[in-house]
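Only the coordinates and a few stated rules stand behind these numbers; no lab work does. Being a predicted model, the structure only gives us computed values, none of them experimental. Cβ sites come from the backbone with ideal geometry, for glycine too, and all protein chains shown count toward neighbours.
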Amino acid sequence: MGANLYFIGGGNMPTAIIEAVRRKSDSYPVDHIRVEEISEARAAFLKDTYGVEPAQPTDTPDADIVVIAVRPQDDVAGVAASVAKRFDPAKTTVVSIVAGYTIAKLEQSLGEGWRVVRIIPNTLTTVDYGYSGAALNANARQEDVDAFLNTFGKVLYVEERLIDIITGFYPPNIVYHFIDAYVDAGVLAGLPRDVAKAIALDTIIGGTEFLKQKDVLPQVLLNINNSPGGVGITEAYTLNKTGFAASVQTAVLAAVERTTSLGANAK
Ligand SMILES: NC(=O)c1ccc[n+]([C@@H]2O[C@H](COP(=O)([O-])OP(=O)(O)OC[C@H]3O[C@@H](n4cnc5c(N)ncnc54)[C@H](OP(=O)(O)O)[C@@H]3O)[C@@H](O)[C@H]2O)c1
């Protein structure tokens, strides 16, 4: 018998999760995926594209896992209170993907005795890279969610205080920004865009693979590559002078702060 999954909110992130779950049906069989989604058009799209069953806020089906996937600015407390009325804490684990929304707030709306797992899902859901961060409340057990979470990437079980930091730190956006700037740099220097893109992508994948093989920090390889008075150290000096590292670090800190403030302001 497969698992029964119930999603509340059928936006971009749960859709990516559903796609990944479907792809991993050999290792994680599911009998039912139901989605409760306010927008009828979105619910119809999910039914047509992924065969998921549209559900209503009055439904009371069996569910091994209920995923709360509305936005922080939506009525998260109302959704959690509705879950508490309709599902059975002895059977169902509540997984929240709502950025910044704490386990304590969820427990307050759900009431006592619920297994609650707060995750920040990895967005590289279909390429088997990237980590989701997951924090468990006192009742939750890793075995209740591990197979599900592993359908959309790797999982890091962490203390809840690290979840907001992972949320700000891990999205691939920063890599996309870097690739964008890097490709433009090649074009600026005179390369055709397709050539610049091909070189940039292979350099990033190859550089990452090499770092993993060597199992060292980048500084070790930079020390080897940057010979005295050479091209590499000239580029390093220019990056330092223009504040490259500070720019990346400031952006990540701002993203972490934004996550925390979104959660703090959530209902
Ligand atoms: N996208 C990401 O990369 C990402 C990554 C990590 C975590 N998250 C978290 O995942 C959650 C969902 O993000 P998303 O990108 O999927 O958002 P999204 O695309 O904006 O989708 C949210 C959906 O939930 C619906 N909704 C709102 N209240 C509802 C309710 N009470 N019952 C049923 N449906 C409801 C919305 O309908 P209306 O538009 O009609 O209101 C909308 O279709 C957020 O909390 C976000 O913080 C997202």
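So if I place +1 on the C-beta of Lys and Arg and -1 on the C-beta of Asp and Glu, and nothing else carries charge, what would the dipole magnitude of the chain be about its Cα centre? I want it in debye, nearest 20. Don't skip to the answer; put the middle values down first.
Numbers: 23 positive and 31 negative charges, 86 e Å.
The calculation lands at about 420 debye.
Under 10 Å, Cα contacts only: if you run a Gaussian network model on the chain, which one of 193, 22, 115 comes out with the highest mean-square fluctuation?
193
Among 132, 111, 150, which residue has its Cα furthest toward the positive end of the charge dipole of the range 90-150, with +1 on Lys/Arg Cβ and -1 on Asp/Glu Cβ?
Checked the options; the winner is 111.
Would the range 3-163 count as rounded, prolate or oblate if I go by the C-alpha gyration tensor, calling it rounded below 1.5 in a/c and otherwise prolate when a/b exceeds b/c, oblate otherwise? Write down the numbers at each step before the final one.
On the way: a/c = 1.41, a/b = 1.06, b/c = 1.32.
In terms of gyration-tensor shape, rounded.
With springs connecting C-alpha atoms under 10 Å apart, model the chain as a Gaussian network and identify which of 234, 60, 167 has the largest mean-square fluctuation.
Highest fluctuation among the options: 234.
Would you be so kind as to identify which of 29, 4, 81 lies farthest towards the positive end of the dipole of the range 3-163, taking Lys and Arg as +1 and Asp and Glu as -1 on Cβ and the Cα centre as origin?
It is 81.
In straight Cα distance, which lysines are under 24 Å from residue 47, not counting same-chain residues fewer than 8 positions off?
24
Suppose every Lys and Arg Cβ carries +1 and every Asp and Glu Cβ carries -1, with no other charges. What dipole size does the range 1-129 come out with about its Cα centre, to the nearest 20 debye?
Numbers: 13 positive and 17 negative charges, 48 e Å.
With Lys and Arg at +1 and Asp and Glu at -1, about 240 debye.
Straight distance only, please: which lysines reach the Cα of residue 267 with their own Cα at less than 27 Å, same-chain residues fewer than 8 apart left out?
85, 91, 105
Give the residue from 225, 203, 247 lying farthest towards the positive end of the charge dipole for the range 173-262; charges sit on Cβ (+1 for Lys and Arg, -1 for Asp and Glu) and the dipole is referred to the Cα centre.
247
If you place +1 on the Cβ of every Lys and Arg and -1 on the Cβ of every Asp and Glu, how big does the dipole about the Cα centre of the range 173-262 come out, in debye to the nearest 20? Don't skip to the answer; put the middle values down first.
Working: 6 positive and 8 negative charges, 22 e Å.
Around 100 debye, computed over the range 173-262.
Please figure out what share of the DSSP beta bridges in the range 3-163 is antiparallel and state it in percent, rounded to the nearest 5.
On the way: 4 of 29 bridges.
So the antiparallel bridges amount to about 15 percent of the total.
I'd like the distance separating the alpha-carbon centroids of the range 127-180 and the range 197-211, in whole Å.
Distance between centres, Cα-based: 24 Å.
Select from 134, 200, 147 the residue whose mean-square fluctuation is largest in a Gaussian network model of the chain (Cα-Cα springs shorter than 10 Å).
Of 134, 200, 147, the Gaussian network model singles out 200 as fluctuating most.
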